[in-house]
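Visitor: Please find one structure pasted underneath; my questions will follow.
The values are calculated or read from the model by the stated rules, or taken from the named source; none is laboratory data. This one's a predicted model, so the numbers in the text were calculated from it and none came from an experiment. In this analysis, Cβ positions are derived from the backbone assuming ideal geometry, glycine residues included, and neighbour counts consider all displayed protein chains. Just the protein is used for accessible areas: all its heavy atoms, side chains included, with ligands, DNA and RNA removed. Shrake-Rupley method; radii C 1.70, N 1.55, O 1.52, S 1.80 Å.
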Amino acid sequence: MPNPVTATHSLSPMLPDLSNADLRAKLQQRLDQKTKPVGSLGVLEALALQIGLILQTETPSLQQPQLVVFAGDHGLAARGVSAYPSDVTWQMVENFLAGGACVSVLARQHGLALTVADCGVRHDFLPPDGPAERAGLVVCKIAPGTADAFVEEAMSAAQCAQAMANGRALVQRLPGNVLLLGEMGIGNTSAASLLQARLTGLDIAECTGSGTGLDAAAVARKAQVLRAVLLRHEAATTPLAALQAFGGFEMATMLGAVLEAAATNRVIVVDGFITTAVVLVAHRLEPAVLQRCVFSHRSGEAGHAALLRHLGVSPLLDLGLRLGEGSAAALAWPLLQSACVVLREMASFASAGVSQKASDTH
């Protein structure tokens with residue numbers, strides 16, 4: 001059986017640190033010389049600087065952005081941890097492919113290429129007697145859903161390694177220099193909560209939220225189930241052991257995609273709670289992953305704010321969203337475009353013939 005740790009490092013070499021002091025200084029000077037008071041564009045300036053460092057240029061341009069929704073079913077959903085049945089996973093995938101979901105609409109609005117990856121949905125989207133492919137769908141199914149983590153590991157080491165390899169291969173086939181993360185899988189907020197609790201040390205009650213819309217009593221029952229799952233897998237303390245015990249095939253595939261995107265210096269736009277939990281695992285494996293990540297928003301899902309604080313990152317938006325799918329990543333996309341346009345096209349004081357602040361001329 002493959003060692004998942006070995007598999008991980010074959011997927012992504014040690015990521016180089018992007019703290020290029022010379023380029024950072026040039027980017028900062030370029031921003032400071034724009035026709036505005038220094039720092040007056042706030043977070044947009046920090047975002048422009050980050051993207052410049054990721055793409056290793058003073059004039060960054062975001063090309064052919066790819067939004068991938070990683071989909072998979074979770075065996076733990078049988079424990080009543082979601083307000084919706086597991087069939088909603090495949091039904092929503094069909095909705096994505098038909099163009100009717102929120103992320104589909106936003107992707108169209110913003111010119112984002114949308115791909116849905118079937119990593120482990122309990123449904124066949126390509127019937128045996130039908131066409132061999134469907135537009136917008138990539139089938140990289142490990143199995144029709146993970147095992148029930150309440151009684152056994154969600155996936156084996158071999159399955160985890162294969163899912164990660166699939167994620168790497170998927171990104172290698174995609175054009176462009178931006179990867180926006182999305183997900184779909186009934187039960188995956190439970191998996192994210194379990195990963196957060198195990199890898200950050202927070203109590204599971206602080207990491208457990210309403211997910212698809214549970215009421216307070218149901219959230220309490222969900223936390224009780226998750227506490228039992230943590231106890232059953234108390235030896236799963238390393239990042240990949242925790243992912244095997246608690247995660248979904250869509251999360252393991254996404255992890256491989258994140259590591260590959262980071263290794264090739266793509267800008268990675270993180271969506272919400274589930275995608276941030278995957279980035280937490282990636283960060284534990286390759287700390288420099290965070291330098292390549294832009295966090296789109298602070299979700300309304302309990303636990304996400306604490307997870308962002310644990311990673312020491314600040315999201316761009318705080319709109320009370322908790323839909324997932326990649327919807328917030330799509331909403332944040334125009335801010336990334338604006339940051340790059342400001343850096344590339346906004347005039348400097350010298351080029352525009354505008355006088356600088358008196359103290360800046362000495």
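Visitor: Report the net charge of residues surrounding Ala163, where surrounding means a beta-carbon distance below 14 angstrom and charges are Lys +1, Arg +1, Asp -1, Glu -1.
Guide: Overall, the nearby charge balance is -4.
Visitor: Quick one: order Val229, Val151, Val138 from most to least accessible surface, probe 1.4 Å.
Guide: Reading off the accessible areas and sorting them downward yields Val151, Val138, Val229.
Visitor: To the nearest 10 square angstrom, how much accessible area does Arg79 have with a 1.4 angstrom probe?
Guide: 100 Å²
Visitor: Amide H neighbours of Val294 under 5 Å, at least 5 residues apart or on other chains, H built in the peptide plane: list them.
Guide: Ile268, Val269, Val270
Visitor: Springs between alpha-carbon pairs under 10 angstrom, Gaussian network model over the chain: which of Leu67, Leu47, Leu259 fluctuates most?
Guide: Taking springs between Cα atoms under 10 Å, the residue moving most is Leu47.
Visitor: Given contacts defined as C-alpha pairs under 8 Å and at least six residues apart, what's the relative contact order of region 298-362, whole-number percent?
Guide: 24 percent
Visitor: Another question about this same structure. So which aspartates and glutamates pass the test for Lys26, namely a Cα distance under 18 Å, with those fewer than 8 places away in the same chain ruled out?
Guide: The reachable aspartates and glutamates, counting only those whose Cα sits under 18 Å from Lys26, are Asp17, Glu45, Glu58, Glu345, Asp360.
Visitor: Report, ordered by chain and residue number, the lysines lying within cross-link reach of Lys141, taken as a straight Cα distance under 28 Å and ignoring same-chain residues fewer than 8 apart.
Guide: The reachable lysines, counting only those whose Cα sits under 28 Å from Lys141, are Lys222.
Visitor: May I pose another question? What does the accessible area per residue of the chain come to in Å², with a 1.4 Å probe and no ligands, DNA or RNA counted?
Guide: With the other protein chains kept in place, the chain gives 40 Å² per residue.
Visitor: With a/c under 1.5 counting as rounded, go ahead and sort region 78-143 into rounded, prolate or oblate using the C-alpha gyration tensor (a ≥ b ≥ c being the square roots of the eigenvalues; past the cut-off, prolate if a/b is larger than b/c, else oblate).
Guide: oblate
Visitor: For the chain, what is Rg from Cα atoms divided by 2.2 N^0.38 Å, rounded to two decimals? The partial results should precede the final answer.
Guide: On the way: Rg = 20.9 Å, N = 362, 2.2 N^0.38 = 20.6 Å.
Dividing the Cα Rg of the chain by 2.2 N^0.38 Å gives 1.01.
Visitor: Just to confirm a number: summing +1 for Lys and Arg and -1 for Asp and Glu over residues other than Cys207 whose beta-carbon lies under 13 angstrom from that of Cys207, what do you get? If you can, show how the numbers build up before the last one.
Guide: On the way: positive: Arg198, Lys222, Arg227, Arg309; negative: Asp203, Glu206, Glu301.
Net charge in that neighbourhood comes out at +1.
Visitor: Summing +1 for each Lys or Arg and -1 for each Asp or Glu, what net charge is found among the other residues whose Cβ lies under 11 Å from the Cβ of Leu321?
Guide: -2
Visitor: Now for a separate question. For Thr35, Thr237, what's the largest-to-smallest order of accessible area, 1.4 Å probe?
Guide: The most accessible residue leads, giving Thr237, Thr35.
Visitor: In straight Cα distance, which lysines are under 19 Å from Lys357, not counting same-chain residues fewer than 8 positions off?
Guide: Straight-line reach from Lys357, under 19 Å: Lys34, Lys36.
Visitor: Arrange the residues Ile142, Ile204 by how much accessible surface each exposes, largest first, with a 1.4 angstrom probe.
Guide: Solvent-accessible surface, decreasing: Ile142, Ile204.
Visitor: Then there's this: Go ahead and estimate [θ] at 222 nm for the chain from helices alone: -39,500 (n - 2.57) per DSSP H run with n ≥ 4, summed, over the residue count, rounded to 500.
Guide: Numbers: 15 runs with 172 residues, N = 362.
Taking each H run of at least 4 residues, the total per residue is -14500 deg cm²/dmol.
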